[in-house]
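Asker: Sharing a structure, written as structure tokens. Questions coming.
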Amino acid sequence: MAEQAEPLGVTSRRTFLERTATLVAATAMTKGSKAEPAPSKVNILYIHSHDSGRYLKPYGHNVPTPNIDRLAHQGVLFRQMHSAAPTCSPSRASLLTGRCPHQNGMLGLAHLGWSLNDYSQVIIHPLHANGYHTVLAGLQHIAADPETIGYDEMLPHRSNHAADVAPGAVRFLRSRPTQPFFLDVGFFETHREYPEPVDNPAYIQPPAPIPDTEETRRDMAGFHASARALDQGVGAVLDALEASGLAEHTLVINTTDHGIAFPEMKCNLRDSGTGISLILRGPGLPNGKACDAMLSNIDVFPTVFDYLGIDQPTWFEGKSFLPVLKDEQNEINDEVFSEVTFHAAYEPKRSVRTKRWKYVRHFDGRTTAVLPNCDDGLSKSYWLDHGWKTEPLISREELYDLVFDPMEHNNLANEARAQAALAEMRARLDRWMQRTSDPLLRGPVPLVPGGHIVDPNATSPREMNRYAPGPRPGLGESIYIGGGISKPLV
């Protein structure tokens, strides 16, 4: 008789005991602080969410994600992982190619016309060449048509929500595949629109830098409801992995693309936008450990290939942080970079971060926020009601001391005492842009042919038009070449 799948988020006593026994066996040899050599042909389970940042229980937030918390306690929790781009498609493309967006071509959103320069550089292809069966379950967001990417198998699903995606992944795992696999499980959660709150908003704290009001508490309560659905999907997939007997032979990667969809977070180059979760659990890896190394998500798959003992593709820009997991090094990076070019609207900016400093440079000459690049919601409405549309931007350059100003509120770019640090960070960014042939060095980046975008002077991403950035560098002018296009953001 076929085994019946348990409902999402429900774990029976039998499953709990089976899972516990499996995990004891799987982790008995990894207790401690150092990574051990990985067995050959370890499976890879890559589970990713939308717009979750680090607002999850293992990062100290009272968000209902017990299954993600369980995974963190069984593996390595990365406290200083940053996205190469705090926007959806560019971030995901960077992780899956090991290259920054302006190298891999994903300068904007895949459903608005952008694509990779070369889909053979997605890591599924070198994995396939090394004997892996590659499977997609749910959301991917690096191609308008997922067939373009080249997975060996794509599991059917009604929507990209966790409740519809997880069952397909569960069935695949319960089939106990014998060929090593890369299973890509993508959930829509925690992207807006949020479901109706389940928890009482009166007892929920909005994220910084959002003020604590009735509206913003309700907004965050919606995020909690979405995170709960995400966690149930993660739990169902992890339970199936363990019940199938595959857990001790599988590397689990759990991450997200960028900060949560609140003002000054998603699509923002401060840590509130670039800071992302990452949890790794697998054979030979430490368990119950937090890692404070400063990393970029372009470093993830160089590390995975190093861990598996697979030759790294020549195009990787990222670095393996396996030496950190082995306690051979404390850091692999003395700087990490992030970028935005297109999201819903054109907003070219770049950043470099060290352990001490964050430097951000804007290239569009704007004096007010690009509001379409903030998803609509109660918190955004609250800011708009209090004048956000005309609130002046900080400046063309931003410099923050991350020791004394970790929330990045006090811009030191014009302070005499910070000029040496400013010069150093400017030089770091300039060198990187030149080394990686950043197209912004040649002026405004043109809209991809057939692409769609919103006027940066609009208020909402729903006000979709087609336009091309102006011809003069830094002035952020727009030349309209059409209109009337309405295309929902994913």
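Asker: Condition test on T256, is it within 30 Å of N333 (Cα to Cα) and free of Cβ contacts under 8 Å to residues at least 60 places away in the same chain? Break it down into steps so the answer makes sense when it comes.
Answerer: Working: within 30 Å of N333 (Cα to Cα): yes; free of Cβ contacts under 8 Å to residues at least 60 places away in the same chain: no.
Spelling it out, it is not the case that T256 is within 30 Å of N333 (Cα to Cα) and free of Cβ contacts under 8 Å to residues at least 60 places away in the same chain.
Asker: Does the range 143-161 include one or more residues that are touching a residue at least 60 places away in the same chain (Cβ under 8 Å) and crowded, with 23+ Cβ neighbours inside 10 Å?
Answerer: No, the range 143-161 contains no residue that is touching a residue at least 60 places away in the same chain (Cβ under 8 Å) and crowded, with 23+ Cβ neighbours inside 10 Å.
Asker: From P90, P86, which residue is surrounded by 22 or more Cβ atoms within 10 Å (Cβ to Cβ), at pLDDT 95 or above, assigned to a helix (DSSP H, G or I) and on the phi < 0 side of the Ramachandran plot?
Answerer: Numbers: P86 fails: assigned to a helix (DSSP H, G or I).
Of P90, P86, the one residue that is surrounded by 22 or more Cβ atoms within 10 Å (Cβ to Cβ), at pLDDT 95 or above, assigned to a helix (DSSP H, G or I) and on the phi < 0 side of the Ramachandran plot is P90.
Asker: Would you say L440 is among the hydrophobic types (A, V, I, L, M, F, W, C), closer than 19 Å to S338 by Cα, touching a helix residue (DSSP H, G or I) at 6+ places or on another chain (Cβ under 8 Å) and crowded, with 18+ Cβ neighbours inside 10 Å?
Answerer: Numbers: among the hydrophobic types (A, V, I, L, M, F, W, C): yes; closer than 19 Å to S338 by Cα: yes; touching a helix residue (DSSP H, G or I) at 6+ places or on another chain (Cβ under 8 Å): yes; crowded, with 18+ Cβ neighbours inside 10 Å: yes.
Judged against the criteria, L440 is a match.
Asker: Restricting attention to the range 104-123, does a residue exist that is under 23 Å from A247 (Cα atoms), of a type in the set (A, V, I, L, M), open to solvent by less than 20 Å² (accessible area, probe 1.4 Å) and assigned to a loop (DSSP other than H, G, I, E, B)?
Answerer: To start, the set of residues in the range 104-123 that are under 23 Å from A247 (Cα atoms) comprises 123.
Restricting the remaining residues to those that are of a type in the set (A, V, I, L, M) gives 123.
Those still in the list that are open to solvent by less than 20 Å² (accessible area, probe 1.4 Å) too: 123.
Checking the rest, the ones that are also assigned to a loop (DSSP other than H, G, I, E, B) come to 123.
Taking every residue of the range 104-123 in turn, at least one turns out to be under 23 Å from A247 (Cα atoms), of a type in the set (A, V, I, L, M), open to solvent by less than 20 Å² (accessible area, probe 1.4 Å) and assigned to a loop (DSSP other than H, G, I, E, B).
Asker: OK, next. If I ask for residues that are more than 28 Å from I210 (Cα to Cα) and within 13 Å of the chain's Cα centre (by Cα), which ones from the range 259-298 would you list?
Answerer: Of everything in the range 259-298, just one residue is more than 28 Å from I210 (Cα to Cα) and within 13 Å of the chain's Cα centre (by Cα), namely I298.
Asker: Oh, and also: For G451, work out the one condition from (1) in a loop (DSSP other than H, G, I, E, B); (2) open to solvent by 20 Å² or more (accessible area, probe 1.4 Å) it doesn't fulfil.
Answerer: It is condition (2) that G451 fails.
Asker: Can you pull out the strands (runs of 3 or more DSSP E) entirely within the range 214-300 that have at least 3 residues that are of a type in the set (A, V, I, L, M, F, W, C) and modelled with pLDDT of 95 or more? I'd like the intermediate steps shown before the answer.
Answerer: Values: elements: 250-256, 278-281, 289-291.
Result: 250-256, 278-281.
Asker: Hey, can you tell me all the residues within the range 455-481 that are among the β-branched types (V, I, T) and either more than 30 Å from W383 (Cα to Cα) or at pLDDT below 95 (or both)?
Answerer: Residues of the range 455-481 among the β-branched types (V, I, T): 459, 479, 481.
Scanning the range 455-481 gives I479, I481.
Asker: If a residue has to be open to solvent by less than 10 Å² (accessible area, probe 1.4 Å) and either at positive phi or touching a His at 6+ places or on another chain (Cβ under 9 Å) (or both) to count, how many in the range 241-253 make the cut?
Answerer: Total satisfying the criteria: 1.
Asker: Still on this structure, I have one more. Within the range 313-323, can you find the residues that are surrounded by fewer than 24 Cβ atoms within 10 Å (Cβ to Cβ) and in contact (Cβ under 8 Å) with a residue 12 or more places away in the chain? Don't jump to the end; show me each part of the working.
Answerer: The first filter runs over the range 313-323 and keeps only residues surrounded by fewer than 24 Cβ atoms within 10 Å (Cβ to Cβ), leaving 313-317, 319-320, 322-323.
Answer for the range 313-323, where residues must be surrounded by fewer than 24 Cβ atoms within 10 Å (Cβ to Cβ) and in contact (Cβ under 8 Å) with a residue 12 or more places away in the chain: P313, W315, F316, E317, K319, S320, L322.
Asker: How many residues does the range 367-419 contain that are open to solvent by 30 Å² or more (accessible area, probe 1.4 Å), within 24 Å of P348 (Cβ to Cβ) and β-branched (V, I, T)?
Answerer: Of the residues in the range 367-419, 4 are open to solvent by 30 Å² or more (accessible area, probe 1.4 Å), within 24 Å of P348 (Cβ to Cβ) and β-branched (V, I, T).
Asker: Hey, among T303, T256, which residue is in contact with a helix residue (DSSP H, G or I) (Cβ under 8 Å, 6 or more places away or on another chain), buried (at least 20 other Cβ atoms within 10 Å of the Cβ) and β-branched (V, I, T)? It would help to see each step written out before you state the result.
Answerer: Numbers: T256 fails: in contact with a helix residue (DSSP H, G or I) (Cβ under 8 Å, 6 or more places away or on another chain).
Being in contact with a helix residue (DSSP H, G or I) (Cβ under 8 Å, 6 or more places away or on another chain), buried (at least 20 other Cβ atoms within 10 Å of the Cβ) and β-branched (V, I, T) holds for just one of T303, T256, which is T303.
Asker: Further question: Where residues in the range 197-240 are farther than 16 Å from P263 by Cα and hydroxyl-bearing (S, T, Y), which of them is most open to solvent (accessible area, probe 1.4 Å)?
Answerer: Y203
The values are calculated or read from the model by the stated rules, or taken from the named source; none is laboratory data. This structure is a prediction, so every number in the text was calculated from the model and none was measured. Here Cβ is always computed from backbone atoms with ideal geometry, including for glycine, and neighbour counts include all displayed protein chains. SASA here: full protein model, heavy atoms, side chains in, ligands and nucleic acids out. Shrake-Rupley method; radii C 1.70, N 1.55, O 1.52, S 1.80 Å.
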